[in-house]
Amino acid sequence: MKILKKLMILLVLAALIIGCSKEPENNYLGNLKVGHTMKLDDKEVPKAKFEFFYGRALTKYLNQYYSAFSDDYASIVDFNIEKDINDLKNQDCTVTGYTDKSWEYYFADQAKKDILEVEALVRGAKTAGYQINADDKKKARSTFGELESYCKENKIDFEDYLHSTFGLEAIKDNLISYYEESNLASRYAAVLLKEPTDEEVEQYYLANKNDIDTINIRYFAFAKDDKAKADEFAQKIRSEADFKQMAVDYSSDDKKIYYQNNDLSLRQDLRKSDLPEYLQSVLFDQALPINSVKVVEGDSSIDVVMLVAREQPVYRQASISTVYLDARETDTDNLTTEKMNTCKEFADNLLQDFMNNTDRSIDKFHEYNSKYADDKNNQGDYDNISKGDSTIEIANWVFDESRQVGDLEVLMSNYGYTIVYFRGFGGIDYFERAKVLAKEATYDKQLNDLKRNIKVMIK
């Protein structure tokens with residue numbers, strides 16, 4: 001349903017091809033020439049290597065958008081390289097923490113981080129007795145071969161492709177050697193990424209409850225210069241029901257229907273990481289008492305919050321597949337009742353069409369995602385999700401204890417409707433989350449220990 005403007009960008013992956021020519025043609029947007037250099041332990045990283053990792057960082061960034069939107073992805077990348085790959089040095093970056101830098105610097109810095117990680121893991125691997133082996137070499141040659149085949153199949157001059165994506169020194173021997181190193185680094189990372197014991201997981205949870213527990217809150221925001229009105233709002237609240245009604249009373253005319261029909265002031269199953277830092281401090285670190293109300297000055301608003309509940313998530317996680325349908329024509333389009341009704345009708349008809357198939361397998365459902373979904377990321381599959389990962393309506397349906405594998409339903413989402421296919425329950429939420437975080441924390445500590453002895457600089 002969603003109509004998105006196609007973004008013509010550098011042909012960096014097979015997945016990013018918009019169209020193919022009959023004859024080989026020049027597809028590059030200028031030979032890549034990164035205007036930054038990098039040093040490890042006061043020794044300059046070879047230009048060829050730095051530009052390879054720069055190109056890989058840029059490719060990874062672009063591909064995340066394609067993975068989600070396929071050939072229908074929107075013009076949501078905040079830079080333009082349609083004419084010249086090197087023009088990134090003249091465009092201001094919009095990523096938080098880099099807004100005073102260029103996009104070229106941003107990708108150069110991502111390259112620096114990737115090179116440092118690979119270097120640290122390779123050094124650690126060699127100290128532990130690991131070396132680049134025949135399998136690492138085989139995988140490296142295979143990766144290079146895939147690039148070559150991609151260009152051949154799509155009538156793209158291979159040298160043009162390499163020089164635009166990885167720089168003028170991107171030759172076969174160089175690229176294969178970088179892939180070999182990366183393969184060794186990946187093998188050693190798997191060694192460091194150890195599965196914690198159940199006891200270690202429980203210990204991690206007890207020491208890090210603030211990062212794992214969830215809260216339910218009532219929330220209403222005022223403009224930055226409306227502190228007096230926010231205080232007035234807060235002083236009138238004696239109960240959660242008061243807060244709910246006050247949110248309706250104080251909302252603007254165009255928002256009242258959302259607060260009345262959707263109970264918009266209620267925010268459930270929030271983790272600390274879901275909140276801005278100023279609310280993290282109040283609601284988790286300062287342990288605001290249950291049912292108390294506080295006025296908090298935010299970055300761009302004055303917020304009134306009530307802590308309704310804090311819980312250890314002991315329910316089971318779930319896995320689902322989806323076909324997401326956006327009621328809007330574009331990402332900036334206004335949502336209307338008429339558009340939502342049209343989207344709902346389309347979703348209902350699509351589900352009925354699926355149900356008419358004799359084959360209602362997950363593979364068949366994936367075909368519907370590929371053909372109709374406005375978000376094709378990972379075929380619409382979501383594994384080990386928690387209650388706070390979706391809208392309240394979807395969460396209530398998915399986490400109903402009576403839910404059975406293969407159940408299907410059309411449910412309202414933020415900007416339209418989603419057909420949800422239930423694939424099953426998993427482990428206990430708090431335990432599974434603690435396990436992942438404990439595993440990552442152990443790995444990060446070991447990786448940081450390896451990085452600590454390496455001096456790194458970019459200029």
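The values are calculated or read from the model by the stated rules, or taken from the named source; none is laboratory data. Keep in mind that this is a model prediction, so the values were computed, not measured. Please note: Cβ atoms are built from the backbone with ideal geometry, for glycine as well, and neighbour counts cover all protein chains shown. Ligands, DNA and RNA are stripped out before the accessible areas are found, and what is left, the full protein with its side chains, is counted by its heavy atoms. Shrake-Rupley method; radii C 1.70, N 1.55, O 1.52, S 1.80 Å.
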Residues of the range 163-185 satisfying the condition of being of a type in the set (S, T, Y), open to solvent by 10 Å² or more (accessible area, probe 1.4 Å) and under 26 Å from the mean Cα position of the chain (by Cα):
Y179, S182
The range 310-334 residues that are without any contact (Cβ under 8 Å) to a residue 60 or more places away in the chain, paired with ones that are surrounded by 23 or more Cβ atoms within 10 Å (Cβ to Cβ) and not in a strand (DSSP E or B) (beta carbon under 8 Å, 6 or more apart):
none
For the range 409-441, give me each residue that is over 19 Å from S390 (Cβ atoms) and open to solvent by 70 Å² or more (accessible area, probe 1.4 Å).
E440
Could you run through the range 100-141 and say how many residues are outside any helix (DSSP H, G or I) and either hydrophobic (A, V, I, L, M, F, W, C) or under 22 Å from L447 (Cβ atoms) (or both)?
6
If A309 satisfies every condition in (1) aliphatic (A, V, I, L, M); (2) buried (at least 17 other Cβ atoms within 10 Å of the Cβ); (3) more than 23 Å from the chain's Cα centre (by Cα); (4) assigned to a strand (DSSP E or B) but one, which is the exception?
(2)
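For the range 283-306, give me the residue count where each residue is assigned to a strand (DSSP E or B) and surrounded by 14 or more Cβ atoms within 10 Å (Cβ to Cβ).
Qualifying residue count for the region: 10.
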Restricting attention to the range 321-360, the residues that are within 24 Å of F425 (Cβ to Cβ) and either touching a helix residue (DSSP H, G or I) at 6+ places or on another chain (Cβ under 7 Å) or surrounded by 13 or more Cβ atoms within 10 Å (Cβ to Cβ) (or both) number exactly 7
Within the range 359-382, identify whether any single residue is over 27 Å from Q64 (Cβ atoms), in contact (Cβ under 8 Å) with a residue 40 or more places away in the chain and either touching an Asp or Glu at 6+ places or on another chain (Cβ under 6 Å) or outside the structural domain of N261 (by the TED database) (or both), and answer yes or no.
yes
If you take the residues of the range 237-279 that are small (G, A, S) and open to solvent by less than 50 Å² (accessible area, probe 1.4 Å), which of them is farthest from Q312 (Cα to Cα)?
S251
Of all residues in the range 361-408, count the ones that are buried (at least 18 other Cβ atoms within 10 Å of the Cβ) and part of a loop (DSSP other than H, G, I, E, B).
7
Do the conditions hold for A234, that is, is it assigned by the TED database to the domain that holds D285, assigned to a helix (DSSP H, G or I) and open to solvent by less than 10 Å² (accessible area, probe 1.4 Å)?
no
